[in-house]
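Coordinate-derived values only; no laboratory data. Values in this document were obtained by computation on a predicted structure and should not be read as measured data. Cβ atoms come from the backbone with ideal geometry, glycine included; neighbour counts cover every protein chain shown.
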Amino acid sequence: MTQSRRKGCVGEREVAAIVRDLTGWDVRRRVRQHDGDSDLEGVPGWSVEVKRRKAAPRGQIGSWWRQTVEQAGQLLPVLLYRADRDSWRAVWPVGVLLLDKPDGGWRDIEWTADTTVAAWAAAARTTLRANGGSKGIGGTK
């Protein structure tokens with residue numbers, strides 16, 4: 001295993017523990033990952049992409065976000081990332097909290113929030129309750 005991949009695996013376990021602590025969900029790293037799979041299991045209604053890198057410049061975050069959205073399918077996308085010597089951040093579509101969702105592009109980077117993982121976890125729990133425990137966009141199971 002390359003050092004980069006090892007760093008990614010450690011990052012996935014680290015952030016899974018953080019999300020588990022914040023939500024109480026049984027969150028863990030997906031061991032066997034295929035293209036398009038969420039990096040974490042146990043996050044109801046969300047497809048999670050995890051990035052742990054030396055640096056996280058704005059342009060790179062935009063590229064990671066596009067990958068996250070493509071892989072999410074009917075689930076809600078969230079990008080959890082951390083640069084060296086920095087804290088974990090979450091990029092997610094603020095449209096999930098809006099009563100009047102904008103047409104079409106609410107998953108575009110312009111409609112995201114870059115927050116702490118705790119802020120995203122609070123929104124994720126709220127969204128899950130609002131959908132009656134349903135998963136995905138528009139409450140589809």
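Quick notes
- Since only 127, 19, 99 are under comparison, the one whose Cα sits farthest along the positive direction of the charge dipole of the chain, derived from C-beta charges on Lys, Arg, Asp and Glu, is 19.
- Residue order for 12, 110, fewest other beta carbons within 10 angstrom first, comes to 110, 12.
- Taking the number of Cβ atoms within 10 Å of each Cβ as an exposure proxy, the fewest-first ranking of 126, 112 is 126, 112.
- Nearest-ten-degree value, helix 58-72 long axis tilted from longest Cα axis of the chain: 60 degrees
- Rg over Rh [alpha-carbon atoms, Kirkwood Rh] for the stretch 3-139: 0.93
- Neighbour-count ranking [beta-carbon atoms within 10 angstrom, fewest first] of 69, 117, 48, 10: 10, 69, 117, 48
- Contact order relative to length of the chain, as percent, for alpha carbon pairs under 8 angstrom and 6 or more apart: 20 percent
- Computed from Cα atoms, the angle from the helix 117-130 axis to the main principal axis of the chain rounds to 30 degrees.
- Residue-span extension gain [residue 116 to residue 13] - 0.36 nm each, minus C-alpha spacing: 35.3 nm
- For the chain, built as a Gaussian network whose Cα springs stay under 10 Å, the top-fluctuating residue of 42, 105, 73: 105
- Within a Gaussian network of the chain (alpha carbon springs, distance under 10 Å), most fluctuating of 40, 22, 75: 22
- Whole-number D in µm²/s for the stretch 1-67 (Stokes-Einstein; Kirkwood sum over Cα pairs; 20 °C, 1.002 mPa s): 168 µm²/s
- Of all DSSP beta bridges in the chain, antiparallel share, percent nearest 5: 55 percent
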